Amino acid sequence: MSRHIRRAQLIAHAQANGLDGVLVHSWHRQTVGWLTGYSPGYVTNAASLWLGAGGEQLLGVRFGFDQPRAALTGLPVVVAAAPTAVVPKGARRIGLVAGDIAVDEATPALLASLQAAGIEHIDLRDVVDDLQESKLEDEVLALQHAGDVADAALVTWGDSAPEGKTDYQVVSAIEATARAAGARRAYCLVGVGPGAVVSECFGTVIGPHDAVGLELTLYVDEWCMHVNTQLTAARGTEHDAQAVCASARAAMLASMRPGVAIDEVVAVGDRVLAAAGVLNAKEYDFGHGLSGDTPAHPRLISGTGRVLADHVVTALHVAVRVPGGATGFVGGPVVVEASGARELNPSAPWAVLTRAAD
């Protein structure tokens, strides 16, 4: 139902702005998936969606063999070797959505084909980015389900780093569990040992004093989920940095509600890290919105000038990394509502460490 509503919102935008319709094109990103439930899935595949101002809708796939999968959306499907193949003849002024706040997928070939067809286009990426920010009720539920799948994957190894295993073994087991639980795609990054960057695998063997940082991004029913946790070293003391990260995350969670400036939320987290003396070791930002892809609004960084909207679902994460020293990483989805913010998946490993602060 939410995808039907979202497509109707774009059609209404076209009508209000004198456009013949909206062309949505996805290659690696998930905008078409967010609107339809179908994403290309192949490196060489692409998908294009036409939403006409008169209400007509047409989904184009690059390869004919993928038509049966695309047909599960309930939309009319055609083979479209180029995005403009779904645009009806006579369209002269259209909205174009090709990419999002992170990636521009309006390729030179796409723009050239529009020009050759005499079609003027208006970039509507910002419109879609803003639409994705506040979630509808079933969108929140869909992301909660994606979080449950991520939870099932991250608990594959329990709470402790598996001494003697390689990072390849850790990551492959987590990704396999995620896929078995319903993820269409799953990408797990890993960092082994003190101060390790969470990145691709290198064949590193986990030692007895090595904590293991994990970052998992997966796609379930064309919704993107992004979570983080850290497995405790098999031997040695508990990492103070992990507790500090959990405290900063809990403090930010308590500060989040609609209308609160993003800068204020970031300042809360920074103050906790500063009080612990690890602000200079802060890694990454404090998170970003979750939708068909990542990142999305709101981005939890200073200087955006934005405030939290109602029914936002965002990955809230905190990371600290001192090369060769203290390391911490924890994060997962939260939902912002009128009454405040809450964990979207309260029993997940990334949420456990905030309980002491509740």
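The values are calculated or read from the model by the stated rules, or taken from the named source; none is laboratory data. Keep in mind the model is a prediction, meaning the values are calculated, not measured. Heads up: the accessible areas ignore ligands, DNA and RNA and are worked out on the full protein's heavy atoms, side chains in. Shrake-Rupley method; radii C 1.70, N 1.55, O 1.52, S 1.80 Å.
3J(HN,Hα) along the range 286-292: 9, x, 5, x, 10, 7, x Hz, from the Karplus curve 6.51 cos²θ - 1.76 cosθ + 1.60 with θ = phi - 60°, whole Hz, x for Gly and Pro.
Could you tell me how many degrees, from 0 to 90 and to the nearest 10, lie between the Cα long axis of helix 137-154 and the main elongation axis, the longest principal axis, of the Cα atoms of the chain? Result, in degrees: 40.
Once the Cα atoms are used to define both axes, helix 262-275 deviates from the longest principal axis of the chain by about 20 degrees. The 3J(HN,Hα) values that the Karplus relation (6.51, -1.76, 1.60; θ = phi - 60°) gives for the range 21-31 are, in residue order, x, 10, 9, 10, 10, 10, 10, 8, 8, 10, 5 Hz. Gly and Pro appear as x. Computing volume of the Cα convex hull per residue in Å³ directly from the structure and comparing it against (i) 138; (ii) 163; (iii) 147 singles out (i).
With helices as the sole contributors, the chain gives -9500 deg cm²/dmol at 222 nm; each DSSP H run of n ≥ 4 counts as -39500 (n - 2.57), and the sum is divided by every residue. Per residue, the solvent-accessible area of the range 108-209 (1.4 Å probe, heavy atoms of protein chains only, all protein chains present) comes to 47 Å². For the chain, give the percent of accessible area contributed by carbon and sulfur heavy atoms, probe 1.4 Å, rounded to a whole number. Summing carbon and sulfur atoms, their accessible area is 55 percent of the total for the chain. As a length-normalised measure over Cα pairs under 8 Å and 6 or more apart, the relative contact order of the range 277-358 settles at 23 percent.
In plain terms, the chain from D130 to Y42 could stretch by 28.9 nm, reckoned as 0.36 nm per residue minus the Cα-Cα distance. Normalising the Debye intensity of the range 125-184 to I(0), with uniform scatterers on Cα atoms only, and taking log10 at q = 0.18, 0.19, 0.27, 0.31 Å⁻¹ returns -0.72, -0.76, -1.05, -1.19.
When Rg and Dmax are taken over the Cα atoms of the range 111-267, they come to 20.0, 68 Å. Restricting to the range 141-288, what percent of DSSP beta bridges are antiparallel, rounded to 5? So the antiparallel bridges amount to about 95 percent of the total.
Ellipsoid fit via the Cα gyration tensor, the range 178-316: semi-axes of 27, 22, 11 Å, each the root of five times an eigenvalue, largest first. In the range 211-358, Cα pairs under 8 Å separated by at least six residues give a relative contact order of 29 percent. Reported value for the range 34-79: 68 Å³ per residue, from the convex hull of its C-alpha atoms. Write down, largest first, the equivalent ellipsoid semi-axes of the range 37-175 in whole Å, where each equals the square root of 5 times an eigenvalue of the alpha-carbon gyration tensor. Semi-axes (√(5λ), whole Å): 37, 18, 16.
Below 8 Å between Cα atoms, with a sequence gap of 6+, how large is the relative contact order for the chain in percent? So the answer I get is 14 percent.
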